[in-house]
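The values are calculated or read from the model by the stated rules, or taken from the named source; none is laboratory data. Because the structure is predicted, anything quoted here is derived from the model rather than measured. Glycine also receives a Cβ, built like all others from the backbone with ideal geometry; neighbour counts cover every protein chain displayed. Just so you know, the surface numbers come from the protein's heavy atoms only, side chains and all, with ligands and any DNA or RNA stripped out. Shrake-Rupley method; radii C 1.70, N 1.55, O 1.52, S 1.80 Å.
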Amino acid sequence: MRTKISLAILNALASSNLTQTQFAAKAGTTQSTINSIISTDLRITPETLRKITHAIGNNHNASILIAHLEDEITRAGHKTTDFDIRHNPREFNQKITETMSLS
C-alpha cells in the first residue's frame, strides 16, 4: 500500500527530474531511507520530514506536508475526508482542535 507521502515524493522527484539517490544526497539522508519512505508505510520522523521538505524545494513543500498530515490522520483512525486540509484550512484547524480536545 502506498502512502500519500510516498506518492507526493514520487511526483516531486518526477517533476524535478531527480533520482532517489540525487534527492537523498540533497536531503542529507540515504537512498535506502528515501526508498523505504516510498515503498513502505514507514512513519517519518520530524527530522526526516524537515530534511525532505527543505531538499525538495518550494514547489512541492505543501503537497508533501499535506500528504504527511493525511497519512497521520489515517493512522489515527480517522478519514481524511473528515478534515478538508486543502480547501478550507480554518475549518481543518478547528476540527483538529476539537478532535484533540476529545482525546
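Scanning the stretch 14-53 for residues that are free of Cβ contacts under 8 Å to residues at least 40 places away in the same chain and assigned to a helix (DSSP H, G or I) yields a total of 25. Scanning for something touching a Gly at 6+ places or on another chain (Cβ under 9 Å), in a helix (DSSP H, G or I), modelled with pLDDT of 85 or more and under 22 Å from SER16 (Cα atoms), does the stretch 61-83 turn up at least one residue? No, there is no match, as no residue in the stretch 61-83 is touching a Gly at 6+ places or on another chain (Cβ under 9 Å), in a helix (DSSP H, G or I), modelled with pLDDT of 85 or more and under 22 Å from SER16 (Cα atoms). In the stretch 1-13, the qualifying residues are those that are in a loop (DSSP other than H, G, I, E, B) and touching a residue at least 40 places away in the same chain (Cβ under 8 Å), and the one that is least open to solvent (accessible area, probe 1.4 Å) is THR3.
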